[in-house]
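The values are calculated or read from the model by the stated rules, or taken from the named source; none is laboratory data. Keep in mind the model is a prediction, meaning the values are calculated, not measured. All Cβ positions, glycine included, derive from the backbone under ideal geometry; neighbour counts span all protein chains shown. Each accessible area value is taken on the protein alone, full model and side chains, heavy atoms only, with ligands, DNA and RNA left out. Shrake-Rupley method; radii C 1.70, N 1.55, O 1.52, S 1.80 Å.
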Amino acid sequence: MKAKILISAMTVLAITACSQSKKNSQESKPQKKETTTGTKPLKNVGFDINSIPVSDKKLGDFPYISLPEGYDNVSDNPISDSDKAYFWVGDHFEQPVGKIFFSRIKAKDGKTYSETELLKGIQEKIISLGGKKINESKVTSDISATDEANKVKYVSGYGFIGYATTYTYLIRNADKNVWIQITPTDDGASVGWIILEAKS
């Protein structure tokens with residue numbers, strides 16, 4: 001009888017010691033602490049036209065942007081008085097409506113084509129008029145979701161959109177917004193660009 005009581009007591013002691021050991025082990029492990037910085041994570045709010053400052057620069061005559069020396073528009077396209085066009089802003093297409101100029105740009109005879117030189121020259125002109133770059137990326141959504149008739153109508157202006165990097169700029173004036181989009185073509189020797197003036 002005494003032996004049974006002794007065995008039972010030893011069993012209880014062993015279980016208690018084991019439980020205490022587990023508890024101590026858990027307490028000794030570093031605990032993850034919740035940290036707060038007092039600020040909420042920033043959300044991706046997408047494109048906001050109001051984040052582009054309004055410029056007071058005089059633009060001159062439509063389509064406003066002159067080309068760098070040695071380059072020329074090679075597409076003799078009529079200007080649309082009022083139509084929409086697709087401008088890629090990094091995560092979606094904006095579809096402003098207004099007056100549209102579009103063309104393909106190539107180097108003049110005797111000039112070696114340089115995409116870097118051409119894009120730099122156009123960007124400098126846009127910035128001198130108070131414009132801002134709002135995108136430099138490939139289109140990530142399905143280009144086939146856009147209006148097919150619109151793509152065909154302005155094909156020389158859209159370039160190789162959906163495959164090449166697209167550059168989108170915006171000039172905001174008090175009475176109008178001027179959208180400029182440039183996309184290299186697939187021939188390695190030209191870009192397409194489209195300029196749209198919309199009333200603000």
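A compact table of results
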read-out: Estimated vicinal HN-Hα couplings, Hz - region 49-66 in sequence order (Karplus 6.51, -1.76, 1.60; Gly, Pro = x); value: 4, 6, 7, 8, x, 7, 9, 9, 5, 7, 8, x, 9, 4, x, 6, 9, 8
read-out: Low-density loop cleavage sites - chymotrypsin sites (Phe, Trp or Tyr not before Pro) in region 103-200, where at most 14 other Cβ are within 10 Å (DSSP); value: 163
read-out: Per residue accessible area of region 101-168, 1.4 Å probe, in Å²; value: 53 Å²
read-out: Those residues of region 150-174 whose amide nitrogen sits under 11 Å from the label point placed on residue 83, 7 Å along Cα→Cβ; value: 150-158
read-out: Percent accessible area from carbon and sulfur atoms, region 44-178, protein chains only, probe 1.4 Å; value: 47 percent
